[in-house]
Every structure is written in structure tokens, then in C-alpha cells.
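First up is the structure itself, then whatever we jot down about it.
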2 protein chains.
Amino acid sequence: MRKIDLTSFSIATSETARNINRRIVLDLIRTRQPISRADLARLSGLQRSTISLIADQLIEEQWITQGAFGHLPRGRKPRFLHLNVERAGIIGVNVRPTKTTIALANLNARFIAHETFTTAADPDQFIQELSNRVSVLINSHPEIFCEGIGISVPGRVNLMSKELIFAPNLGWQNVNFKTPLERSTGLPVEVENAANACALAEIWFERRTGGVRDLIAVTISEGIGTGIIVNGQLVRGTTGIAGEFGHVSINENGPQCKCGNRGCWEVYASNEAAIDEYVRATSSGRTRKHPSIDKPTFEDILYLAEQGDVKAIEAIEHMAHYLGIGLAMLITGIAPSVIVLIGEVTRAWERINPIIKRVLEERLPSNQNGTQVLPAEDILQPRLRGSIALILQKHFGAPATA
Amino acid sequence: MRKIDLTSFSIATSETARNINRRIVLDLIRTRQPISRADLARLSGLQRSTISLIADQLIEEQWITQGAFGHLPRGRKPRFLHLNVERAGIIGVNVRPTKTTIALANLNARFIAHETFTTAADPDQFIQELSNRVSVLINSHPEIFCEGIGISVPGRVNLMSKELIFAPNLGWQNVNFKTPLERSTGLPVEVENAANACALAEIWFERRTGGVRDLIAVTISEGIGTGIIVNGQLVRGTTGIAGEFGHVSINENGPQCKCGNRGCWEVYASNEAAIDEYVRATSSGRTRKHPSIDKPTFEDILYLAEQGDVKAIEAIEHMAHYLGIGLAMLITGIAPSVIVLIGEVTRAWERINPIIKRVLEERLPSNQNGTQVLPAEDILQPRLRGSIALILQKHFGAPATA
DNA sequence: ATGTATTATTCGACCCTCAAACAAAATAAC
DNA sequence: GTTATTTTGTTTGAGGGTCGAATAATACAT
């Protein structure tokens, strides 16, 4: 049951009930399609008459369509309702340090078209290029009416201005995607941190986390980001900068981090950390195994570990240990139902999972170990799918009530 | 704006709008009383006609009363509305390791009567005694109709069963207060962790945190507890065990903690930690200053520090440093608007505040230091007032919508 | 006395859900 | 083959809500 928020309330009008129930019905159709009106009534608890009225309205607005008739042992055949995936398209944008992906998706978050291009170093130039490519993508599908553009970015986003505050791996500061893109396309634009987007994607599109209300998405790449959903809502903090658990110090006197603090979690458990660990181990020994490679990529280390390279395996195991340490912090403090790990390292799940499990068992009281730690099912797409969810949730999840 | 929760939705009926608006109006009256109907209409955005209907209903149910007439330069005089503090009493119970306080409060959370007694070591015996004393308290005020009983306990509470899972400082496990008390008094009983109760108290009764939606209450006593409110709601986690940031390790290889983990925050920053630090410092030196005192209390150390005792001051400063370390974690991860510190140590605020501030400045990027850290205004009462809020929020804050 | 400003109430229009009755459609029973 | 049964979906009136305009009630200024 949801609690009213009396600090930023909005009053209920005569249309509020319809608004609430409409969204409930639409989301039920989204998640259970195909489904009959009678089943919707049973599932929602609304009267069949009310469901009919709402369904009529949704059909008229083309959110749903009527499909085939169902079959039952007795009685009138039910008419199935479907989400009208043709009704609207959503543009998703995933900005990453090296490459940016843009995609056009339907209401089921299935991608109709996508393309990837190199992320320009200069933010102004990047926005210009992004804007052009998005326009081309929209125009190349004139049959689809676009609802909006969702952008996931590798950094925190100011809650009010929607500006990207700081993206350490891009070196960008105070970049405004929203205003120029809205101006050039005329579509509503939502910008969100990548980890937050991943958390949304998990809640919105993954079966396994269907009924979950408390979830953390941990993105592991150059750094570590955390997207936190509590009571079904993103934790954004005062100005949108919550969720920086990657920069919580797990060792007061540890090595300096880029953020200014010392011994941050991501200094020990990010891809960078594993690379540094590997480089240190291999160069300290007498024989350097790969003199030609100055600094390997994380992919290299994963590959070497798969091939049985001891130092690479140790680097991965070292990383897994510290992933466990940080996850213990998250579980102790937030105790979500699920933590989803997103990053290349999940390719070595068989290797890292036992280590993470052991650390959690050592460090958590038995009654506090009720959190599932899972790898993301798809390594590449959660960011992009999260950017779709940014727009989707406007229509499905967030009524303007109370 | 509040978001609907589609994972545990509840549909809107024809009465939903009234239910929402009624609570908004009632809470406006609670926080702004005395207030006229016209002002309520302006503040809420509802029509004056609607406000009148709602006010009539609230008057009939005796939630509010009409008071004096106001005075304006022109026009008809407004009739002030007040919360009817006589309507209902709420029993608050604050269970602490040594002493338990029970109190009868009115709707303004002003205490009408209270008493304190020694907490029995045996939970069954304690519940028996508590039950008796509560009955006596209720019966001694026959003119007041009691709405319910709120209990704050020093440990985490299972979200479903409402049992106290574990209270380390009491040695109690799986204690059920709710069922026996409800049976013996016939009143609804709510049980909540002390830190959560403090967070609620702050949101509900403190002017300074009126419009705040993200707040953390940190209770510092034998251990450290954190009560977290995000988006206006308590963070409870899967089974109610969220908020144990006191048991997050800030030093992987630090001393063993009672919880099984190593180097927990509370091992460094609790009252116990300061006592240990002081004992270690004084016994390691050649001359023991207080050979008679085997182990001082935290109050002793505070007193000694006030008197200028160098070792005591150092112990407090040591504690303050580590408080800062842990607060940096909370700010980095959750970024609340306000963190409230509750505990005896706030009596030495002038001493600890500069240290905490310095640690935060060292450890947080400048753009992440937007959190206010404040001492609780009242050291003794927040737990008790929080237990009142537990019952109050049922009537004022939580409509059964969406 | 009249005009103006402000509060509070009344009343009809409109929106919404509910519950019961009804229409539609398919199978089971005879 | 006709009738009973069962299930889906629609229609309709009652009841509860908010809105907005009109109206009544006050109090002060001119």
C-alpha cells in the first residue's frame, strides 16, 4: 500500500480515480497480455463494468487493441486485449565513454532499429550529432509516432535542471542534453544516470523481478555505480546525487580515488581495479608475460582468466572479493530483495559468484542474508532498455495523484 | 509528485478522492492551525465548497473543532479551525535496555502523562508488566479515547510479523509485543525500530524538517542505528531489516563486532567505542587517573571532557572523527537533505561538530556536500515521540490508495 | 446609505465506481 | 434439436466526489 506524501501533495479531482485505475489496468494489460476484460476485473478487483469503460477509453486512445477470441470450456468467448505496440515508439539513448547507441523501441521495449556511433569528445559537438541522428531515425520510420526520448548517461543527473552534473569517464561537466534535444525534435526528453536506468529496466522488463519493490542495480565498468529502488521508487537524494556507493570508502587510509576520497569501493572492485591489480602482479614478477601489452583491457583479463592465466584469475578473484565487501554494505544498509550486477565481469559468474557468496556469509548475520544477488541477464542492453523505461513509466506508472 | 505502485496496487473507488483530500486537509490543519476554510482552499488548491464539505465531515467526526473568529481589514470574518486535541489519545512506549517509558499523548504529540520503569530482563515478564501499566494509564484517563499504542524498540522489527527480531543490548530474540498487547488492551499496536521512530518523529513534529522528503536519523548509544526516510517513506527492506548502517564495515580487518562482521562503524563511533578508547588510553599510561572506576559510563566521559580531561576529550574527538566517516558513507550513498544525530554525544556538539564537518569536507566532493547534519533538539524524547507518530500517521498520512 | 472585499454555503453539472440486471455466446444435458 | 447452464461483456440507475457559479453573510471604507 502506497502512502500519501503530504509534503508535496497534489489533490484528488473527480478524474483521479479513473486516472489511477486506468494505469492499473494498462499495466496489467502490459504485463499479462493477452488478457480478457473478465480476467482484468478479477485481477484488479474492479467491476467488469468499470473495466469495460476503461478498456473502451484505452481502445479509443489506441493504447490497446482487441485481438482474437479466447476459448473456454463453457460460456461466451472472451475477447483478448493487447497492448498496441504500434501506437508509439520510444527513442532510447545510451551514452558511454567510447560509444553511444540510439534505438527506436516499441511499447514492449522491443527494438525496431538501432545504431551505434563513436561518442564525440566535445559535449556540444556530441549533442549536435546525437540530435541529427535521432532526427534521421525518427524520420526513417514515419509510421511510428514517437512518445519521447530517454537518455542514460554515465554520471549523476541534477534532479531539477536535468543536467549531467559530472561524468568522470567522459570529463564532461554540467552538460544539458534535455533542452537542445527537446528543441530540435519537439519530443519530451528524460535524462537519467545509467545505474538508475538499469534498475528501472530490471523492474520494468524482467520477469524475475516482477513484484519486487526494493532493488539495487550495480553497474561495474570503469567505476561502480549503484541505482537504488526503494518502495518502488528511485532513490535520488537531494539534488539527484544519491546512489554513489561506488565512492563510499571501505578503507579509510586506502589509495586516493579520483573523487577526492580515499579507499573508495570502486578503487578495489571496478574493472580498472582488476586491471591495475593484474598489471601490478605481472610486472612485479621476474618475467613479464606480455611485454607487448602495456596495459591490458578488462576484456583481455577476462579472456586470460578463461584461458587459465593464474595472475588474471587472481585479479578477478581479488575483484570478486571486494565486490562482496561492497555488496555486504548495500545489503546491511538497504536490505533490498534483489541486487543485480551489470558489467563484463558477470561473464565470469561461475568464478566470482562463490567468492561473493562466501564474503556475504562471513560478513552478514544469518537473518540479514535474504537478498538475492543476480547477474544481469543481458550485458549490453539494460542501459538502453532503462532509457526506454524512463519514457514508458510516464504513461504506465506515475499518475499525478497525491 | 507521488508515483503509483503497480506491484502492490489498490484500486481507486468513488471514495478515494475524498480519502486523499481529507488527509491533505487534515494534515494542513494539523500543521498550520489555527487556519480558516478560505486559507485551506488557497493552500490546497481545492474549491472552497469542497473544503467546507470536508471540514463538516471532520467536525462531525470530531477530528477538528471550530474556534475563534479571525480579523481581517475587510470582509467577513473567517472562522478558525483547530485540531481537536481532546479527540484522541495515543500511547507511546519507548523500550530501552535499562528503562522503559510509557506516555499518553494528544494529537499534537504533547504528553499528558508519563511514567518510567525498569525494563525487566525477561521478555514475557516485561510484556506482562507493560500490559498492566498501559491498562492503568488508559483507565486513569477515562475522558480520553485512545487511538492506539506505538512502541519503539532497540532492534529491528520484522515487517510482516511485527516481531522484534533481535535486540542485542537486551538479549531478546523474536519477541512479539503486538499480539499480547492488542489482546489485553483492544487497541491497535504498532512496533518500530527506535531509529526509524526517531526519523518519523523528526518528519512529523519538527518545524525545521517540515518539507523534507529524504532524511536519516542516526541514534548513537551503545550501538549505532540508522532510520532512513526516502521519498517520504521509511526504508524497511525485504523483511524490515534495512537501516543497519551501524554494522557496515568501515575497516575490512578491524576488530570483531558482536554482529559477526569486522570493523563495523559502531565499533568505532558508538558510546561503547568512546568508552573503550578512553579506558585504553588511561590504562596504557603510567598513572591511572581513576583507579576506582573500573569502566566509566559514557556520561562520565562527557563530564570529564567538559572538565577539560585530555584523554576524555581525545576519546570524544576520536568518536567524532569516526562519526564523520560513517556520515560520509550515508551522504555519498543516500544524499538525504538532513541527517539528525540523536544521542548523549550531541551534548558535546560544539566539540564534535567541527570535526565532523572537517571529515565531510575532506571526504566528499564539493557538489555532494548538500546534506545538513544536525543534532536532535531533544535528547530524551524523539524515540517516544516517534512511537506517537507511528499511530498518528495512520490517520494523517497514509490513505489506502494506489 | 452604498460600495467593496472577503468568507462561507448552496446547488446543479459532470465524473467516477458499484451492483444488479440484461444481452450475447458457447457448451452440456436432456 | 431444444433447453439449461455458464461465462463474457454491456447497460443502467444509484451513490459518492469535485467543480464552479451563484448566493448569503459580514465587515469596513467612503
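Give me the net charge of B:Ala201's neighbourhood, meaning all other residues with Cβ under 11 Å from the Cβ of B:Ala201; Lys, Arg count +1, Asp, Glu -1.
Values: positive: B:Arg383, B:Arg385; negative: B:Glu192, B:Glu202, B:Glu206, B:Glu377, B:Asp378.
Result for the local shell: -3.
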Worksheet item: Rounded to the nearest 0.05, what FRET efficiency is calculated for B:Asp378 and A:Arg18 with R0 set to 41 Å and r the Cβ-Cβ distance?
Response: 0.35
Worksheet item: With r defined as the distance between the Cβ atoms of B:Ser49 and A:Glu129 and R0 fixed at 51 Å, what FRET efficiency is calculated, to the nearest 0.05?
Response: 0.40
Response to the item:
Output field shielding_mean for A:164-173 (other chain Cβ, 10 Å radius) holds 1
Response to the item:
Highest mean packing first, using Cβ neighbours within 10 angstrom, the peptides A:145-158, A:250-263 sort as A:145-158, A:250-263
Practice prompt. Would you please give the FRET efficiency between A:Arg347 and A:Glu314, computed as 1/(1 + (r/R0)^6) with r the Cβ-Cβ distance and R0 = 25 Å, to the nearest 0.05?
Written response: 0.90
Item to complete: Report the one residue of A:Gly148, A:Pro336, A:Phe245 whose Cα lies farthest in the direction of the positive end of the charge dipole of the protein assembly as shown (charges on C-beta: Lys and Arg +1, Asp and Glu -1; origin at the Cα centre).
Response: A:Gly148
Worksheet item: At A:Asp122, with labels set 7 Å past Cα in the Cβ direction, how many nm apart are the copies from this one, shortest first?
Response: 8.1
Worksheet item: Where does each of B:85-91, A:107-113 land if you order them by average Cβ count within 10 Å, highest first?
Response: B:85-91, A:107-113
Discussion item. Using only the alpha-carbon atoms, how far is helix A:271-284 inclined from the longest principal axis of chain A? Give it as 0 to 90 degrees, nearest 10.
Written reply: 20
Discussion item. If each residue of separation counts as 0.36 nm, what is the full-extension length gain between A:Ala281 and A:Tyr303 once their alpha-carbon separation is subtracted?
Written reply: 6.2 nm
Item to complete: Rounded to whole Hz and in sequence order, give me ³J(HN,Hα) for the stretch A:47-56 from the Karplus expression 6.51 cos²θ - 1.76 cosθ + 1.60, θ = phi - 60°, writing x for Gly and Pro.
Response: 5, 4, 4, 5, 4, 4, 4, 5, 4, 4
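Under the definition of partner shielding as Cβ atoms of other protein chains within 10 Å of a residue Cβ, what is the mean value for peptide A:334-341?
Details: counts 13, 11, 4, 3, 1, 0, 0, 0.
Mean inter-chain Cβ contacts per residue within 10 Å come to 4.
Multiply the residue separation of B:Gln62 and B:Phe111 by 0.36 nm, subtract the distance between their alpha-carbon atoms, and state the gained length in nm to one decimal. Intermediate results must be reported in sequence, preceding the final value.
Working: separation 49, 0.36 × 49 = 17.64 nm, distance 2.01 nm.
Difference between extended and current length: 15.6 nm.
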Response to the item:
Where a ≥ b ≥ c are root eigenvalues of the Cα gyration tensor, a/c under 1.5 meaning rounded, otherwise prolate if a/b exceeds b/c and oblate otherwise, the protein assembly as shown counts as oblate
Worksheet item: So which lysines pass the test for B:Lys394, namely a Cα distance under 27 Å, with those fewer than 8 places away in the same chain ruled out?
Response: A:Lys3, B:Lys3, B:Lys162, B:Lys178
Worksheet item: Which order do peptides B:51-57, B:221-227, B:196-202 fall in by mean Cβ count within 10 Å, highest first?
Response: B:196-202, B:221-227, B:51-57
Worksheet item: ³J(HN,Hα) across the stretch A:176-187 via Karplus (A = 6.51, B = -1.76, C = 1.60, θ = phi - 60°), whole Hz, x for Gly/Pro?
Response: 9, 7, 4, 4, x, 5, 5, 5, 6, 9, x, 9
Worksheet, complete the sentence: Distance in Å, no decimals, from the C-alpha centre of the stretch A:17-48 to the one of the stretch A:303-361 is 40
Practice prompt. At a Cα cut-off below 28 Å, give the lysines reachable from B:Lys357, other chains included and same-chain residues fewer than 8 away excluded.
Written response: A:Lys258, B:Lys311
Practice prompt. From zero up to wherever the largest Cα-Cα distance of chain B sits, split into 20 Å bins and tell me the percent of pairs in each.
Written response: 24, 52, 21, 2, 0
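In nm, what is the difference between 0.36 nm times the number of residues separating B:Leu159 and B:Phe145 and their Cα-Cα distance?
On the way: separation 14, 0.36 × 14 = 5.04 nm, distance 2.76 nm.
Answer, rounded to one decimal: 2.3 nm.
Determine the sum of side-chain charges near B:Leu72: Lys and Arg each +1, Asp and Glu each -1, restricted to other residues whose C-beta is under 13 angstrom from that of B:Leu72.
+3
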Worksheet item: Which far-off residues, 5 or more places away or on another chain, put their amide H under 5 Å from the one on A:Gly254, with H placed in the peptide plane?
Response: A:Gly263
Item to complete: Would you mind computing the Rg to Rh ratio of the stretch A:212-376 from its alpha-carbon coordinates, Kirkwood style for Rh?
Response: 0.99
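As a test of understanding, state the convex hull volume per residue of the stretch B:170-274 from its alpha carbons, in Å³. The partial results should precede the final answer.
Working: hull volume 15.0 nm³, N = 105.
For the stretch B:170-274, the hull spanned by Cα atoms encloses 143 Å³ per residue.
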Fill in: Inter-chain Cβ neighbour average for residues B:98-111, partner chain, 10 Å
0
Worksheet item: Quick one: putting +1 on the C-beta of Lys and Arg, -1 on the C-beta of Asp and Glu, what dipole do you get for the stretch A:16-83 around its Cα centre, in Debye to the nearest 20?
Response: 300
Worksheet item: Could you give, in nm with one decimal, how far A:Gly211 is from each other copy of that position, shortest first, with labels 7 Å out from Cα toward Cβ?
Response: 3.9
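Which of A:Leu28, B:Leu187, A:Leu130, A:Leu390 has the fewest other C-beta atoms within 10 Å, and how do the rest follow up to the most? Can you show the working numbers first?
Details: A:Leu28 19, B:Leu187 16, A:Leu130 23, A:Leu390 26.
Neighbour counts put them in this order, fewest first: B:Leu187, A:Leu28, A:Leu130, A:Leu390.
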Discussion item. Whole-Hz ³J(HN,Hα) for each residue in the stretch A:152-157, computed from phi via Karplus 6.51 cos²θ - 1.76 cosθ + 1.60 with θ = phi - 60°, x for glycine and proline: what do you get?
Written reply: 9, 10, x, x, 7, 10
Worksheet item: Along Cα→Cβ at 7 Å, what distances in nm separate the B:Pro73 label point from those on the other copies, shortest first?
Response: 7.9
Fill in: For the stretch A:369-394 versus the stretch B:154-231, the gap between their alpha-carbon centres in whole angstrom
32
Worksheet item: Based on the alpha-carbon gyration tensor of the stretch B:119-170 and its eigenvalue square roots a ≥ b ≥ c, which shape applies: rounded if a/c is under 1.5, prolate if not and a/b is larger than b/c, or oblate?
Response: oblate
Worksheet item: Which shape class applies to the stretch B:1-119: rounded if a/c is under 1.5, otherwise prolate when a/b exceeds b/c and oblate if not, where a ≥ b ≥ c are the square roots of the Cα gyration tensor eigenvalues?
Response: oblate
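Rule-based calculations on the coordinates, nothing more; no lab input. Keep in mind it's a predicted model, so treat the numbers as computed, not measured. Cβ sites come from the backbone with ideal geometry, for glycine too, and all protein chains shown count toward neighbours.
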